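Asks: Here it is, the structure, as structure tokens.
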Amino acid sequence: MHYSDYKTILSPQNGMNLYRGCSHGCIYCDSRSFCYQINHDFEDIEIKRNAPMILENQLRRKRKPCMVGTGAMCDPYIHIEEELQMTRQCIALIERYGFGLAIQTKSSRILRDLDLLKAINEQTKCVVQITLTTFDESLCRKVEPNVSTTLERFHVLEVMRNHGIPTVVWLSPILPFVNDTEENLRGILDYCIQAKVRGILCFGFGMTLREGNREYFYAQIDRFFPGIKQKYIQAFGNSYVCNSPNHHHLMAVFKEICEQHGILWKPDDVFAYLHGFESKDQQLSLF
Ligand code: SF4
């Protein structure tokens, strides 16, 4: 790992990434793409050393509170977070200054910070977003090797439900010829129903590949799924979007089950929910 100092931490859309690089090893990771210009080994994590200080400055300067997002480019609960607690320090600031939080992870390490998540959710809104791609646990270990399994993530969703913290699942990406089956989809949706998730983000059943993540992905599927790479090359060539041949059928099943259970599934609706800041004080004053 290595350290860098930054001038700003919040993007214009109020998203932030506290680390650059990731140790979770997902074979499909888009953050490895060269377009993001990570100029060090992906596993050699860059730590934005002054992130808490500049976050505090930026939060202080905001005219009104809003939702702050984290986890889009790098998981906030990678292994070194246990020791460094950058994420914890930053969400403590979000709580102290009365902002909302939309945090995305694949790691059950998030449970360490349940006290802060509850505190934020009591005064504004905290949404925990968990990615689920692979219902089968042994397959999950191959696809997402260094992070909590799908069953462990489901338990995180249950804990959040039990504490009244709303959740959103990212059902993405789904890997053609690997986990693009109805059985996989129904297994994940069943977890979502049990956990009473508010919404599921699904942009179609497939994945994206581009320079940087394609090379890594192909090397990993050659290790774990011999013969599949040829199918990708034949079906997708150098395409960025690689949709499953089962895309239409899976999409129909997905929509039907979400509608049946009142789960938000249109991406615009889910994003509107994630970005919508709520003040509990305002809500109470309405009554
Ligand atoms: S958790 Fe996210 S950033 Fe980390 S390897 Fe997996 S996909 Fe990439």
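The numbers here are math on the coordinates, done by the rules we state, and not lab data. What you are looking at is a predicted structure, and each value in this text was computed from that prediction instead of being measured. Ideal geometry is used to build each Cβ from the backbone, glycine not excepted, and the neighbour counts take in all protein chains shown.
Asks: Regarding I91, is this residue surrounded by 22 or more Cβ atoms within 10 Å (Cβ to Cβ) and either in a strand (DSSP E or B) or over 19 Å from the mean Cα position of the chain (by Cα) (or both)?
Replies: no
Asks: Which pairs turn up if I take residues in segment 123-145 that are within 21 Å of G15 (Cβ to Cβ) and look for partners that are outside any helix (DSSP H, G or I) and of a type in the set (F, W, Y) with beta carbon separation below 7 Å, at least 6 apart in sequence or on another chain?
Replies: Note: pairs meeting the criteria are T124/F99; T124/F277; K125/F277; Q129/W170; T131/W170.
Asks: From P65, P76, grab the single residue that is surrounded by 15 or more Cβ atoms within 10 Å (Cβ to Cβ), part of a loop (DSSP other than H, G, I, E, B) and away from the ligand (no atom under 16 Å from the Cβ).
Replies: Just a single option satisfies the conditions, and that option is P65.
Asks: Right, here's the next one. Filter segment 20-39 for residues that are near the ligand (Cβ under 8 Å from one of its atoms) and among the polar types (S, T, N, Q) and give the result.
Replies: S23, S31
Asks: Please name all residue pairs, on different chains or six or more residues apart, with Cβ atoms under 7 Å, provided the first residue is in segment 43-62 and is without any contact (Cβ under 8 Å) to a residue 24 or more places away in the chain and the second residue is crowded, with 17+ Cβ neighbours inside 10 Å.
Replies: Note: pairs meeting the criteria are E43/G21; E43/S23.
Asks: Within segment 102-120, identify whether any single residue is closer than 28 Å to S244 by Cβ, surrounded by 19 or more Cβ atoms within 10 Å (Cβ to Cβ) and out of contact with any strand residue (DSSP E or B) (no Cβ under 8 Å at 6 or more places or on another chain), and answer yes or no.
Replies: Yes, because at least one residue in segment 102-120 is closer than 28 Å to S244 by Cβ, surrounded by 19 or more Cβ atoms within 10 Å (Cβ to Cβ) and out of contact with any strand residue (DSSP E or B) (no Cβ under 8 Å at 6 or more places or on another chain).
Table: residues versus (1) within 14 Å of the ligand (Cβ to nearest atom); (2) crowded, with 19+ Cβ neighbours inside 10 Å; (3) assigned to a helix (DSSP H, G or I); (4) in contact (Cβ under 8 Å) with a residue 40 or more places away in the chain.
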residue	(1), (2), (3), (4)
V147	yes, yes, no, yes
R153	yes, yes, yes, yes
G164	no, no, no, yes
L185	no, yes, yes, yes
L189	no, yes, yes, yes
C192	no, yes, yes, yes
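Asks: Oh, and also: Which numbered condition trips up C26, out of (1) out of contact with any strand residue (DSSP E or B) (no Cβ under 8 Å at 6 or more places or on another chain); (2) buried (at least 23 other Cβ atoms within 10 Å of the Cβ); (3) not in a loop (DSSP other than H, G, I, E, B)?
Replies: For C26, the failing item is (3).
Asks: Over 20 Å from the mean Cα position of the chain (by Cα) and either farther than 20 Å from T105 by Cβ or not aromatic (F, W, Y) (or both), is that true of D222?
Replies: Here the answer is yes, as D222 does meet what is asked.
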